[in-house]
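Asker: Input: one structure, supplied below.
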Amino acid sequence: MENHRKKIAIFGSNLTSRYKRSLCRVFTLAAQEFDLDLVIFNTYGKIGTRNGFTEDYETEILDYFDLDQFDGIVFDGEGYSVDGMSESIERKLRTLKCPVVSISSRIEGFHNIDFDDNGGLRVMVEHFLDHHHFTRIAYLSGPLNHPDAVSRLNEFRTVMKEQGLPEDGVGMFEGDFWYNKGSEAAHYFLSLSERPEAIVCANDYMAISLINNLRKHGIKVPEDIAVSGYDGTLEGKEFLPHLTTVTRERKDIARKALKLLVDISDGKDGKDVDLCVSPKPILAQSCGCEPLDYQHVLDIVARVHEEKRMMSTDLYESESAMVKLNKVDNIRKMEAVFAEDSVNFGEYSSFFMMVHADENGIPAFDSSFSAPSGNFVPVIWIDKNKEYAGSPHTLNRSLFIPKTDSDRCHVYYLMSVHCAEKLFGYSIVEMIGTDIFTEFHNMWIHNLGLTLNALQKDDRINKLIDKLEGLSVTDDLTGMLNRRGFDDRSRNEIANISESKTVCTMVIDMDGLKRINDEFGHHEGDRAIKALANMIQKCCDSGEVAGRAGGDEFYIFASDYSESRLNRLIEHMKSYADEYNSANKRPYKLDFSYGAYMTETDSFGRIEEFLKISDARMYEQKMTKPGRRR
């Protein structure tokens, strides 16, 4: 049964942050309501805070996907903390045929879900003015190079001016939309000539930081100063006192965005359609509108304690998995480690990791990999519910999500798998329930990328070692074993003789090489040496060990040999020489002298002694040839 369900893509960043996690939940719920498949493209964004850095290859993987197969795109440009990344994805989305809805900022050419930011800020200021009858109100802004911060500050000033109050209230401080400026902000507000009755903050994180730092100065919230936040975060709901704030109503955003894309896909006119979501105030303890609920506080403390306990357990699991991945020496072991140890980022039903393959099918973790061909091969394929058994295990540009015949809707999270040096491919995970994975999933993806990189380096080193070892025992001109290689192999053959056996050694020397070099040049001499080497290798088809000792001299060793086998080898060599001379019409004849020695020996036999006898016999034969010339 082929799945004809509509498929929507969502582009966002840093989706495991607590601020963004609820966004994934509401879109999952909305997708289930409209019976849609979602593919959520997530990026890490900036990693770390104090010594943060950004990674390459975060969005390069998109170049290998056919995004026009989607019925619509949702773009959340707000979470991209890396300079230029949001703009880069926006440019790519503009090339697509399907409709795109922007849910966090107005973008010309896209459909937009507008959030009434100004209305939310107005509601909060008017609540302090009209309900609490405060007139000494201060404002904690976000960074003034951020458009949301500018918009919210302008609305604060407008409302204050309408009420006949100073437009900056009793004071305005520029914060950072994060926790870092709380101390400076508290010091600023407490140093004002008129202490504020209330402080309106441009987001929840700054409000939490401000309250914590006011507390250090002995200021109680809301008894001494009321404080409000903005955005309606989970942190604000769990913080004590609970924050008075304004929620973005993300469930409404998700439903409206997906319904608009479904309507357009069904042929309804969506041209120039933009939608608006109204804010909803949450009046809680930090402004004095809600009394402290001790049972609720105990529930929060218990939940936080449980989360802390689980965090410690999951951290131990991560440490164990990292050690195990560090010991992985082949790709299948990596899959086994993931299948057994991936228990710390939430329950999932399927996980696939696909890597680039080149035109010869060589995967990206192989050091022989050349360049991406547009095809991907799996290195991890975990399908707990057996929903993808019929799906091809090689994916490509048009089929980068595995096919399934299940009749339910699916929500996938897709991320690039890379390290600092290389893009390997991508991962897909489908979670059980409506929640996104935790931050430990990102740690897994990082470590899988590093493991692939280590496997590639190990493979490159092993191939280099093999090559060097081959060079150390191989003759450059003929490709045969050199003297060292021949000695090693022959000694090893003798050492493995368990009881006395007949062995044979031969020394073969080309006749007339000096004349060939003198009259026709060394390149012709090399040609003749290679021709004789080929003859010897063709004749050594019964386990004989052959090598070039140097110059025009060759050695053969054979264990458990017989006179008949020796005679066969010599006759074949003479026959090959005749064929070569007849076919090549050279102004010289390719000929050779040889000396053979057969003897009984055990594992203590000495190859040097056997060759010495063979060499003497070869020289005797050479000396008997008429018109002998070296």
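The values are calculated or read from the model by the stated rules, or taken from the named source; none is laboratory data. The model shown is predicted, which means the values in this text are computed figures rather than measured ones. In this analysis, Cβ positions are derived from the backbone assuming ideal geometry, glycine residues included, and neighbour counts consider all displayed protein chains.
Residue-by-condition table, conditions (1) in the same structural domain as Asn180 (by TED's automatic domain parsing); (2) under 18 Å from Tyr179 (Cβ atoms); (3) in contact (Cβ under 8 Å) with a residue 40 or more places away in the chain; (4) under 35 Å from the mean Cα position of the chain (by Cα):
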site	(1), (2), (3), (4)
Gly218	yes, no, no, no
Thr233	yes, yes, yes, yes
Thr245	yes, yes, yes, no
Ala257	no, no, yes, yes
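Asker: Kindly provide the set of residues from region 378-403 that are at negative phi and either in contact with a His (Cβ under 7 Å, 6 or more places away or on another chain) or basic (Lys, Arg) (or both), ordered by number.
Answerer: Residues satisfying the conditions are Pro378, Trp381, Lys384, Arg397, Lys403.
Asker: Run Glu359 past the list (1) in contact (Cβ under 8 Å) with a residue 24 or more places away in the chain; (2) touching a Ser or Thr at 6+ places or on another chain (Cβ under 8 Å); (3) assigned to a loop (DSSP other than H, G, I, E, B) and report the number of the one that doesn't hold.
Answerer: So the condition that Glu359 fails would be (1).
Asker: Cβ-Cβ distance below 6 Å, separation of 6 or more or different chains: which pairs start in region 363-374 with a residue that is in a strand (DSSP E or B) and end on one that is modelled with pLDDT of 90 or more?
Answerer: Sorted first by the residue in region 363-374, then by its partner, the pairs are Pro363/Val355; Pro363/Ala357; Pro363/Val377.
Asker: Which residue out of Asp299, Asp329 is of a type in the set (D, E, K, R), in a loop (DSSP other than H, G, I, E, B) and either in contact (Cβ under 8 Å) with a residue 60 or more places away in the chain or closer than 30 Å to Asp231 by Cβ (or both)? Explain how you work it out, then say what you get.
Answerer: On the way: Asp299 fails: in a loop (DSSP other than H, G, I, E, B).
Result of the check over Asp299, Asp329: Asp329.
Asker: Something else about it: Going by the structure shown, is Ile508 farther than 30 Å from His410 by Cα, β-branched (Val, Ile, Thr) and out of contact with any strand residue (DSSP E or B) (no Cβ under 6 Å at 6 or more places or on another chain)? I'd like the intermediate steps shown before the answer.
Answerer: Working: farther than 30 Å from His410 by Cα: yes; β-branched (Val, Ile, Thr): yes; out of contact with any strand residue (DSSP E or B) (no Cβ under 6 Å at 6 or more places or on another chain): no.
Answer is no for this residue.
Asker: Are any of the residues in region 254-275 touching a helix residue (DSSP H, G or I) at 6+ places or on another chain (Cβ under 8 Å) and over 30 Å from Phe75 (Cβ atoms)?
Answerer: No, region 254-275 contains no residue that is touching a helix residue (DSSP H, G or I) at 6+ places or on another chain (Cβ under 8 Å) and over 30 Å from Phe75 (Cβ atoms).
Asker: Looking at region 469-502, which of the residues that are charged (D, E, K, R) and not in a helix (DSSP H, G or I) is modelled with the highest pLDDT? Explain how you work it out, then say what you get.
Answerer: Residues of region 469-502 that are charged (D, E, K, R), as a first pass: 469, 475-476, 483-484, 487-489, 491, 493, 499, 501.
Narrowing the set further to residues that are not in a helix (DSSP H, G or I) leaves 475-476, 499, 501.
Numbers: Asp475: 89, Asp476: 85, Glu499: 87, Lys501: 92.
Checked region 469-502; the qualifying residue modelled with the highest pLDDT is Lys501.
Asker: Could you tell me which numbered condition Phe352 fails, if it satisfies all but one of (1) among the hydrophobic types (A, V, I, L, M, F, W, C); (2) surrounded by 22 or more Cβ atoms within 10 Å (Cβ to Cβ); (3) over 30 Å from Glu319 (Cβ atoms)?
Answerer: Only one criterion is unmet by Phe352, namely (3).
Asker: Leu569 - would you say it is farther than 24 Å from Ser472 by Cα and touching a Cys at 6+ places or on another chain (Cβ under 7 Å)? If you could, list the steps in order and put the result at the bottom.
Answerer: Numbers: farther than 24 Å from Ser472 by Cα: yes; touching a Cys at 6+ places or on another chain (Cβ under 7 Å): yes.
So Leu569 fits the description; yes.
Asker: Here's a check for you: in region 27-56, which residue that is under 20 Å from the mean Cα position of the chain (by Cα) and at positive phi is modelled with the lowest pLDDT? Write out each step before concluding.
Answerer: Here is the first cut: in region 27-56, the ones under 20 Å from the mean Cα position of the chain (by Cα) are 39-48, 52-56.
Narrowing further to those that are at positive phi: 45, 48.
Details: Gly45: 70, Gly48: 56.
Per the criteria, the residue is Gly48.
Asker: Test of understanding: among Ile40, Ile89, which residue is outside any helix (DSSP H, G or I), within 25 Å of Ile264 (Cβ to Cβ), of a type in the set (A, V, I, L, M, F, W, C) and in contact (Cβ under 8 Å) with a residue 40 or more places away in the chain? Break it down stepwise before answering.
Answerer: Values: Ile89 fails: outside any helix (DSSP H, G or I).
Testing whether each residue is outside any helix (DSSP H, G or I), within 25 Å of Ile264 (Cβ to Cβ), of a type in the set (A, V, I, L, M, F, W, C) and in contact (Cβ under 8 Å) with a residue 40 or more places away in the chain leaves just Ile40.
Asker: It is to be established whether one or more residues within region 67-80 are of a type in the set (S, T, N, Q), assigned by TED's automatic domain parsing to the domain that holds Pro372 and closer than 24 Å to His446 by Cα.
Answerer: Narrowing region 67-80 to residues of a type in the set (S, T, N, Q): 69.
Then keep just the ones that are assigned by TED's automatic domain parsing to the domain that holds Pro372; that gives 69.
Still in the list and also closer than 24 Å to His446 by Cα: none.
Taking every residue of region 67-80 in turn, none turns out to be of a type in the set (S, T, N, Q), assigned by TED's automatic domain parsing to the domain that holds Pro372 and closer than 24 Å to His446 by Cα.
Asker: Test Leu165 against the stated conditions and say whether it is part of a helix (DSSP H, G or I) and at pLDDT 95 or above. It would help to see each step written out before you state the result.
Answerer: Working: part of a helix (DSSP H, G or I): no; at pLDDT 95 or above: yes.
No: the conditions fail for Leu165.
Asker: A follow-up question, please. Within region 13-26, identify whether any single residue is surrounded by fewer than 20 Cβ atoms within 10 Å (Cβ to Cβ), of a type in the set (D, E, K, R) and at pLDDT 90 or above, and answer yes or no.
Answerer: yes
Asker: Is it true that Asn482 is within 30 Å of Tyr576 (Cβ to Cβ) and loosely packed, with under 15 Cβ neighbours inside 10 Å?
Answerer: Taking the combined requirement at face value, the residue does not satisfy it.
Asker: Condition (residue is hydrophobic (A, V, I, L, M, F, W, C), outside any helix (DSSP H, G or I) and farther than 14 Å from Ala596 by Cα) applied to region 534-541: is it met by at least one residue? Outline the logic, then answer.
Answerer: Step one: filter region 534-541 for residues hydrophobic (A, V, I, L, M, F, W, C), giving 535-536, 539-540.
Keeping just the survivors that are outside any helix (DSSP H, G or I) gives 540.
Checking the rest, the ones that are also farther than 14 Å from Ala596 by Cα come to 540.
Yes: region 534-541 contains one or more residues that are hydrophobic (A, V, I, L, M, F, W, C), outside any helix (DSSP H, G or I) and farther than 14 Å from Ala596 by Cα.
Asker: In this structure, is Leu210 at pLDDT 95 or above, assigned to a loop (DSSP other than H, G, I, E, B) and not acidic (Asp, Glu)?
Answerer: Working: at pLDDT 95 or above: yes; assigned to a loop (DSSP other than H, G, I, E, B): no; not acidic (Asp, Glu): yes.
It is false that Leu210 is at pLDDT 95 or above, assigned to a loop (DSSP other than H, G, I, E, B) and not acidic (Asp, Glu).
Asker: Also: Residue check: is Val337 free of Cβ contacts under 8 Å to residues at least 24 places away in the same chain, aliphatic (A, V, I, L, M) and surrounded by 13 or more Cβ atoms within 10 Å (Cβ to Cβ)? Break it down into steps so the answer makes sense when it comes.
Answerer: On the way: free of Cβ contacts under 8 Å to residues at least 24 places away in the same chain: yes; aliphatic (A, V, I, L, M): yes; surrounded by 13 or more Cβ atoms within 10 Å (Cβ to Cβ): yes.
Yes.
Asker: Of a type in the set (Val, Ile, Thr), over 25 Å from Arg106 (Cβ atoms) and not in a helix (DSSP H, G or I), is that true of Val246? Don't jump to the end; show me each part of the working.
Answerer: Numbers: of a type in the set (Val, Ile, Thr): yes; over 25 Å from Arg106 (Cβ atoms): no; not in a helix (DSSP H, G or I): yes.
The answer is no for Val246.
Asker: Yes or no: region 508-518 includes at least one residue that is loosely packed, with under 15 Cβ neighbours inside 10 Å, touching a residue at least 60 places away in the same chain (Cβ under 8 Å) and of a type outside the set (Phe, Trp, Tyr).
Answerer: At the first step, the residues of region 508-518 found to be loosely packed, with under 15 Cβ neighbours inside 10 Å are 514-515, 518.
Keeping just the survivors that are touching a residue at least 60 places away in the same chain (Cβ under 8 Å) gives 514-515.
Remaining after also requiring of a type outside the set (Phe, Trp, Tyr): 514-515.
So far as region 508-518 goes, yes, one or more of its residues are loosely packed, with under 15 Cβ neighbours inside 10 Å, touching a residue at least 60 places away in the same chain (Cβ under 8 Å) and of a type outside the set (Phe, Trp, Tyr).
Asker: Given (1) surrounded by fewer than 20 Cβ atoms within 10 Å (Cβ to Cβ); (2) on the phi < 0 side of the Ramachandran plot; (3) within 20 Å of the chain's Cα centre (by Cα); (4) not hydroxyl-bearing (Ser, Thr, Tyr), identify the lone condition not met by Gly361.
Answerer: With (1) surrounded by fewer than 20 Cβ atoms within 10 Å (Cβ to Cβ); (2) on the phi < 0 side of the Ramachandran plot; (3) within 20 Å of the chain's Cα centre (by Cα); (4) not hydroxyl-bearing (Ser, Thr, Tyr) applied to Gly361, the lone miss is (2).
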